[in-house]
1. Per residue of the chain, what 222 nm ellipticity follows from adding -39500 (n - 2.57) for every DSSP H run with n ≥ 4, rounded to the nearest 500?
2. Return the FRET efficiency for the residue pair Thr2, Arg87: r is the Cβ-Cβ distance, R0 is 45 Å, and the value is rounded to the nearest 0.05.
3. Could you give the length gained on full extension between Ile97 and Leu146, defined as 0.36 nm per residue of separation minus the Cα-Cα distance, in nm?
4. What percent of all Cα-Cα pairs in region 122-196 falls in each 5 Å bin, counting up from 0?
5. If you rank Trp204, Trp190 by fewest surrounding Cβ atoms within 10 Å, what's the result?
6. Can you give me the Rg/Rh ratio for region 58-151, using Cα atoms for both radii and the Kirkwood formula for Rh?
7. In Å and on Cα atoms, what radius of gyration and Dmax does region 3-78 show?
8. Kirkwood Rh, the chain, all Cα pairs: how many Å?
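Values quoted throughout were computed directly from the atomic coordinates according to the rules given, and no laboratory measurement underlies them. Source: prediction; values computed, not measured. Here the Cβ is made from the backbone with ideal geometry for all residues, glycine too, and neighbour counts use every protein chain on show.
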Amino acid sequence: MTSLTQAISDLNENLAMELVKHRLESGYKPLDIVEECRNGMIAVGERYSRGEYFLGDLVLSAEIFHELMQLLAPGFRDDEVKKVSGRIVFGTVEGDIHDIGKNITIALLRCYGFEVYDLGVNVPSDKFVGCLKETDANILCLSSLLSSCFDSLKRTVQQVRLFDKQGKIKILIGGLVNEKVCEYTGADYWVTDARKGITICQQWNGVL
């Protein structure tokens, strides 16, 4: 565990900010720094699962992560990454209230120029379809960390396919998923980390 990852895991905002600033000054790529931050957030989630942290600690970790992303944002503009202009609808499916991975990915997508509509957690399939209609987004990202919600993933994908007769909308699922889950739900692709998710969305928008 790196010092930055540890600082976030310990909810030490001041130290985390100092470390991010030092990494930027030392020439670290913003995406690599985000990966350390992501690992720190995962550690926070694990400590919460073990009963070491409580809901207030999760809220604090999310605030710390947001501040770190604000600090990193200018670095993304200077990074060798082609900006995109795309709309994405994002949410955690019905029955699941986990949002750490979702929030990390959304923050990163926005750094890369995507317009992201965050529907939150425990989102029913019809709400996803409604937002896709309103925004004309071409990508739908669905998150789930519960195997009991795979049916929710599948139901949402089916509803979107019924709406999107011409197949213009790409669907990406993330969280506790794999190739079998992707096949079961009918999604276009699956990821287990934010970095890969960004790459896929860029490819779908013709950037990579």
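1. -18000 deg cm²/dmol, from helical runs alone.
2. Result of the calculation: an efficiency of 0.85.
3. On the way: separation 49, 0.36 × 49 = 17.64 nm, distance 0.93 nm.
That pair, Ile97 and Leu146, stretches by 16.7 nm at full extension.
4. Per 5 Å bin, starting at 0, the Cα pair percentages come out as 3, 17, 31, 25, 17, 6, 0.
5. Working: Trp204 19, Trp190 23.
Ranked by crowding around the Cβ, least crowded first: Trp204, Trp190.
6. Working: Rg = 14.2 Å, Rh = 14.2 Å.
My calculation of the ratio gives 1.00.
7. Calculated on Cα positions, Rg and Dmax stand at 12.2, 40 Å.
8. Values: mean 1/r = 0.0571 Å⁻¹.
After inverting the mean inverse Cα-Cα distance, the result is 17.5 Å.
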